[in-house]
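Peer 1: Mind having a look at this structure? Questions to follow.
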Amino acid sequence: KKNWGEDFEYKDFATLFKAELFDPDEWAAIFKAAGAKYIILVAKHHDGYCLWPSKFAPDWNSVDVGPHRDIVGELAKAVKKQEIHFGLYYSLPEWNNPLHRWYIDPHDSIHNYIAQHMIPQFKELVEIYRPEVLFTDGEWFHTAEDWHARELIGWYYNLLGPEAIVNDRWGHGAD
């Protein structure tokens, strides 16, 4: 309130995000010069703001509001030109999605969010950008079954083939 005013809300920060120093080719060249063999970009964190034009996050992605750029797509292209493996981080839950407000709504009320938002958005991201490394997070209140981990990991492996790598944060019981 002191810095931004009484009526300024969290979502208002998106209009201030310009990505004016984001030069994906320069970043990829720096990664290559540093000896990186892979990179992982945060495509969506817990606030639900997407760095690609997700149809499941209208007016809450980097193409609709903010820099008006497909950050994921631009970096994926630049990194692949440098022959660096491309990976993405994807938060399974979101803090304030209307289908389920994380930490506010009961944990067992997340299933509509998963079915109607998370799974289709996850598949949208993976189908478009085909990351070789996939790092999910935010699973701690739910099981691997809740998150449909086996189904989604199997779908991902079948789509990408032997290059596909995932982490182990897909819910309790996701060993």
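Peer 1: Quick test for you: out of Lys11, Lys18, Lys1, pick the one residue that is open to solvent by 90 Å² or more (accessible area, probe 1.4 Å) and either farther than 26 Å from Arg101 by Cα or of a type in the set (Val, Ile, Thr) (or both).
Peer 2: When all the criteria are applied, what remains is Lys18.
Peer 1: Tell me the residue from Trp140, Trp147 that is without any contact (Cβ under 8 Å) to a residue 60 or more places away in the chain and under 23 Å from Trp52 (Cα atoms), please.
Peer 2: Trp147
Peer 1: Consider segment 31-45. How many of its residues are out of contact with any Leu (no Cβ under 9 Å at 6 or more places or on another chain) and surrounded by 14 or more Cβ atoms within 10 Å (Cβ to Cβ)?
Peer 2: Total satisfying the criteria: 5.
Peer 1: Take the residues of segment 83-118 that are part of a loop (DSSP other than H, G, I, E, B) and under 20 Å from Ile153 (Cβ atoms): which is farthest from the chain's Cα centre (by Cα)?
Peer 2: Ile110
Peer 1: If you don't mind, there's one more thing I want to ask. Out of the residues in segment 119-139 that are out of contact with any His (no Cβ under 7 Å at 6 or more places or on another chain) and in a loop (DSSP other than H, G, I, E, B), state the one that is least open to solvent (accessible area, probe 1.4 Å).
Peer 2: Across segment 119-139, the extreme among qualifying residues is Pro131.
Peer 1: Additional query: Could you list all residues from segment 72-99 that are open to solvent by 10 Å² or more (accessible area, probe 1.4 Å) and closer than 30 Å to Trp140 by Cα?
Peer 2: Of everything in segment 72-99, those that are open to solvent by 10 Å² or more (accessible area, probe 1.4 Å) and closer than 30 Å to Trp140 by Cα turn out to be Gly73, His85, Tyr89, Glu94, Trp95, Asn96, Asn97, Pro98, Leu99.
The values are calculated or read from the model by the stated rules, or taken from the named source; none is laboratory data. Bear in mind the structure is a predicted one, so any value in this text is a computation, not a measurement. Cβ coordinates were reconstructed from backbone atoms using ideal geometry, including for glycine residues, and neighbour counts include every protein chain displayed. Only protein heavy atoms, including side chains, enter the accessible area calculation; ligands, DNA and RNA are left aside. Shrake-Rupley method; radii C 1.70, N 1.55, O 1.52, S 1.80 Å.
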